[in-house]
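Just so it is clear, none of the values below were taken in a lab; they were calculated from the coordinates. Nothing here was measured: the structure is a model prediction, and the numbers come from that model. Positions of Cβ are generated from backbone atoms using ideal geometry, with glycine treated the same way; all protein chains shown enter the neighbour counts.
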Amino acid sequence: MPSSDPLPPKESAIFRKILKCYEMKQYKNGLKLAKQILTNPKYTEHGETLAMKGLTLNCLGRKDEAYDHVRRGLRNDLKSHVCWHVYGLLQRSDKKYDEAIKCYRNALKCEKDNIQILRDLSLLQIQMRDLEGYRETRHQLFKLRPSQHASWIGFAMSYHLLGDFETANSILETFRQSQSLNETYDYKHSELLLYQNQILQESGNIDKALKHLEDFSAQIVDKLAVKETMGELCLKLGKFSTALPIWEGLIKRNPENTLYYQKFIEAKQTKDSDEIVNIYKKFQSEYPYSICPKRLPLNVANGDRFSEIVDDYLRRGLRKGVPPLFVNVRSLYQHDDKVKVISELIHGYHNSLKSSGHFSNADKEAALPQEPASALLWTLYFMAQHYDHLRDTTKALEYINAAIEHTPTLIELFVTKGRIYKHAGDLVEAFKWLDEAQSLDTADRYINSKCAKYMLRANMVKEAEEICAKFTREDVSAMENLNEMQCMWFQTECALAYQRLERWGDALKKCHEVDRHFSEIIEDQFDFHTYCMRKMTLRAYVGLLRLEDVLRQHPFYFKAARCAIEVYVRLYDKPLKTEQQVEEFDTENLPPSELKKLRNKQRKAKKKAELETAQAVQAQVKKEQHNKSRQLQNQDGDPEAPQLDELVPEKLARPDDPLEKAIDFLRPLQVLAKECIKTHLLAFEIYYRKNKLLLMLQSIKRAKSLDPIDPNLHTCIVKFYKALKVNGEINEHVRTVIDKETKLLFDGRDADAMNQDVLKKFPNSFHHVLQVARCMYELDATKRNTAVQLVMSFDFKRLTLEDATLAYNYFTTGVFGVCESSANEYKVKCQQRFPHALLFKDQQSCENHMENVKVEWDNDDQQ
Amino acid sequence: MEEENIEGINGNDDEVQDKKSKKAAKHDGGVADLERVTDYAEEKEISSADITNAINIFGDKRNKEAAEKLAKERELQKIHVKKEDIELIVNEILISRQQAEKVLREHRDVVSALEALIN
């Protein structure tokens, strides 16, 4: 170990022990040993020892001291690879990966063939997805240590990840052949073979993959994987007769896997629905207790055949009382003819059950035994869900009330009643029924969560938190605990509730929290880089890497990001006043006496606030101390977790550059959710405000390739047209690009003409009409009446609640300028169409209603 | 910190204690498992076989790849790009200078670079 400051043999031996202790996680021993060297007056400033002491301290959670020691060590011995390496490790533990890579590179400059440093570097490179760099480092390791298994595996993997399947395979093949035959074949060997097979499959050489699998199947212990892969490969190669028994065998292993049935039918090479139904019938008789062969034929059967089997399926479910029966068949509701059949059947059951207790008259005449009494209940429950799905609120309520009358203790009924109200737009009534359901079984976490969600939909954040608190840890607030547990559905719904309440800062805080969860999940893969290689779970490892690459594709992220972007855009359009401005707001127009009072008040308030902040600071300090001591006490808390900035709603709501913040949320969507048109529509809104013409065009083009007739896209195009007109001087190169692209996009029409074209093409689509009206006003404010009339005259019967809500919000948020009377007129019309929806209810009558309730309460008290 | 330089330490008192506490932790289920993820592990050695040949083959391949990459980069560096064009791309498309420069070199002129970027 060349060092500019070598230790004598005795100290050198102690130093090696420190290294060993660090690796074995014996940190306290390590510190003792370091002390032995550092107390020797000759070596009090020995660089490498100081560095190692720092690193050990870091593992004990004493971060400040750690940085201190490591930096001092490095300063004392800048030529030492140990010091640089240690500094890199320290940075790495702080998640400063770029910095850490620089340190490792410096360390390698001092000692270019150091295995440990190369290994650590490779970990960071794979974490940062510097695949080229990873391959280079892996090759170095391979050259230096060809005798180690891990060198081969890592080297092969680096090629695999770069898409060079052939080289990856040949490395693994050479490695496999070099292993002596008398070694016993174990799980690791088996996984390696399966990994090699995966590479062959991905290379597209299916023949070779099948051959490989057949040759080595005896050495592979994961028999299920062998069978599934074999079946899949045979299908791909068109070897149907070989595939058939494989899939049949798999169905026998697990008759509840829908994929196996699909593949079996694929191997049968039939598209005829009758034949497919017959195949399912055969499996039904073979596996009478499994659900799949009963449910799956409903997807393919048609006409009388469908009526026959759905009749069986429903009767069985209603007789046994299967709660999710409706959910099981809901996917069939996209076919109108199937809905009709189901509707007729359940009405038939309902009538017969009421009159005779049978599902049909035929049953009665055949003198079959009566159905259980609960069959009527489950039928009513099904009917309520059926009509709710069809958005017939009146009938849905009628049946759910009948069901509740029949059995007032069934929790599912109350949940459904709440859901009916939710769909009808009465979110307050909806949460009340969920609360009722929740109170019937407070130990049921599912109902508890549902209730919280319904409360959030009704903008009752505090109540929702209280409900959740029944299940969260006791010593911290529910909100904190749910954040710690990465409970993202709750946080996203919170964000949306705050957004509706116009509490922008709180909404953003929740969105950022969700975003941080995703960052954390990406961080969490770090440990697996070493672990998976060692355990040889390479298929799972590659799967993990690929998942992490697209992690923010997840709908949870999309929802939160969308909310954040919308809020930031809103804050750009109408920035909040600074806290000071808010205070000074009214002072100008006040008479002196009032002003004096106000000043007094303010002074008091200020004093109070100061006191409070002082207390808060104290509390914070206490909390930190507490955390620190807790961390020191139990090492299971992650001492390596870096401290993140605290999210303060007031600050978040007053960003310096809201559009930049919005872009931060947008970027992952543009890469990972590019097949979702909403991404590009959001992008357009941001770039429109930044006045970036080419990026607006980019968003339009991307959206257009997904759905050229999307109504919102039309609005973007019109806005873009307008932006082009407004922009005076445009760079000539930019102009060239725009001219070329808009030739196709505008097709020689001006904005008005494009607007009229859309109206002509889609006069029956509400969303198109709405956007046309919006553009009409946008282009020419004098045309407001025509625009409003266009929206107003659209047949209300054909509107969904979501449509009407959107349009009404347009009226109230000034999309058509200030037009209170139109808004009111629209509201009245919506009220007739959606009598339950709270949004369209008269504020006055709402308040009166609340008032009445209160008076009744008071009267009760008096009595 | 190469492994072979490290001598094993004969168990002293602390180590024995460590083992004891480890045993206790075992019943901690998940926590203990997670702890093991970051454990230190000895590398398995390949039984001596003729692998030098393979090493050379892959080494040659690697060198060739590196040479090709270098040649390609050199080729790209030869292309003359205007500073103002880079500025324009950075400003219009909101990407970093390096990215802008790379795209510009690959497409050679600013209009086709911009077109590529908005597609």
### Query
In whole angstrom, how far apart do the alpha carbon centroids of region A:668-686 and region A:728-762 sit?
21 Å
## Note on the structure
Quick calc: nm separation of the 7 Å Cα→Cβ label points for A:Lys112 and A:Asp707 -> 5.7 nm
### Query
Going by how many other Cβ atoms sit within 10 Å of their own, how do A:Ser821, A:Ser352, A:Ser705 line up, fewest first?
A:Ser821, A:Ser705, A:Ser352
### Query
How big is the Cα convex hull of region A:230-369 in projection, averaged over all directions, in nm²?
9.5 nm²
### Message
Quick check: the distance between the Cα centres of region B:75-101 and region A:326-378, to the nearest angstrom?
### Response
70 Å
### Task
Report the paramagnetic label zone for A:Gln36: residues of region A:68-102 whose backbone N is under 12 Å from a point 7 Å from Cα along the Cα-to-Cβ axis.
none
### Task
For A:Asn302 and A:Asp392, calculate 0.36 nm times their separation in residues minus their Cα-Cα distance, and state this gained length in nm to one decimal.
29.8 nm
### Query
How far, in nm, would the chain grow between A:His767 and A:Thr442 when pulled straight, counting 0.36 nm per residue and subtracting the alpha carbon separation?
112.7 nm
#### Entry: For chain A, calculated [θ]222 nm from helices alone, where every DSSP H run of n ≥ 4 adds -39500 (n - 2.57)
-23500 deg cm²/dmol
### Message
Explain nothing, just compute: Karplus ³J(HN,Hα) = 6.51 cos²θ - 1.76 cosθ + 1.60, θ = phi - 60°, for every residue of region A:260-271 in order, whole Hz, x for Gly and Pro.
### Response
4, 5, 3, 5, 4, 5, 4, 5, 6, 6, 10, 10
### chain A, Cα convex hull volume normalised per residue, Å³
279 Å³
### Task
Report the label-to-label distance for A:Glu660 and A:Val726 in nanometres (one decimal), using points 7 Å from each Cα along the Cα→Cβ vector.
2.3 nm
### Task
Round to the nearest 0.05 the FRET efficiency obtained for A:Asp475 and A:Asp842 when R0 = 41 Å and r is the Cβ-Cβ distance.
0.35
### Task
Take the alpha carbon gyration tensor of region A:227-296, find the square roots of its eigenvalues, order them as a ≥ b ≥ c, and report rounded if a/c is under 1.5; if not, report prolate when a/b exceeds b/c, else oblate.
oblate
### Message
Using alpha carbons only, how many angstrom separate the centre of region A:460-522 from the centre of region A:395-438?
### Response
26 Å
### Least to most buried among A:Met230, A:Met24, A:Met157 (fewest other Cβ within 10 Å first)
A:Met24, A:Met230, A:Met157
### Query
Points 7 angstrom from Cα along the Cβ direction at A:Thr407 and A:Glu65: gap in nanometres?
6.5 nm
### Query
If you rank A:Tyr289, A:Tyr808, A:Tyr261 by fewest surrounding Cβ atoms within 10 Å, what's the result?
A:Tyr289, A:Tyr808, A:Tyr261
### Query
Where a Cα-Cα gap under 20 Å defines reach, which lysines qualify for A:Lys109, not counting those fewer than 8 residues away within the same chain?
A:Lys79, A:Lys143
### Message
Below 19 Å, Cα to Cα, which lysines can A:Lys674 reach? Residues fewer than 8 away in the same chain don't count.
### Response
A:Lys559, A:Lys701, A:Lys704
#### Entry: Set of lysines with alpha-carbon distance to A:Lys63 below 19 Å, sequence-local pairs under 8 removed
A:Lys25, A:Lys28, A:Lys32, A:Lys35, A:Lys53, A:Lys95, A:Lys96, A:Lys622, A:Lys623, A:Lys628
### Query
With θ set to phi - 60° and the Karplus curve 6.51 cos²θ - 1.76 cosθ + 1.60, what are the ³J(HN,Hα) couplings of region A:658-663 in order, to the nearest whole Hz, using x for Gly and Pro?
x, 5, 4, 4, 4, 5
